[in-house]
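Okay, handing you the structure first.
The values are calculated or read from the model by the stated rules, or taken from the named source; none is laboratory data. Remember, it's a predicted structure, so these values are computed and weren't measured experimentally. Neighbour counts run over all protein chains shown; Cβ positions are idealised from the backbone, glycine included.
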Amino acid sequence: MKHRTDNSDNDDDFPIGQVTIVPDFLPPPEQFVLKTETERLSVSLRKGNLAKLRKIAALQKVSLGHVIDDAINTYVETSGNTLH
């Protein structure tokens, strides 16, 4: 049987000891996220391949579109000049 632990003495919401405030060092949001130019595309995929991609998306907890986009980008970037 599991026993409940009383952590009232070690509450993580309160600092322990002296607190040092540091200046904000992150860039503004518009500089933080790099935007790339994209185009929309419709694609037809085989049912078996689509099922595999859906399974990957579910396991990684991301959208199917992100998985397909990443798969295509990875293929294009690694294929180099071997495309005919």
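Show the residue pairs meeting these rules: Cβ distance below 9 Å; 6+ apart or different chains; first residue within the stretch 45-57 and under 14 Å from ASP69 (Cα atoms) and without any contact (Cβ under 8 Å) to a residue 24 or more places away in the chain; second residue of a type in the set (Ser, Thr, Tyr) and in a loop (DSSP other than H, G, I, E, B).
Short answer, once both residue conditions are applied: ALA57/SER63.
When you scan the stretch 19-84 for helices (runs of 4 or more DSSP H) that lie fully inside it, which ones turn up with 3 or more residues that are modelled with pLDDT of 90 or more?
Output list reads 47-60, 64-79.
Could you identify the single residue in LYS61, LYS47, LYS52 that is surrounded by 10 or more Cβ atoms within 10 Å (Cβ to Cβ) and of a type outside the set (Ser, Thr, Tyr)?
None of the other options fit; the residue is LYS52.
Before we move on, is ILE16 modelled with pLDDT under 90 and not polar (S, T, N, Q)?
yes
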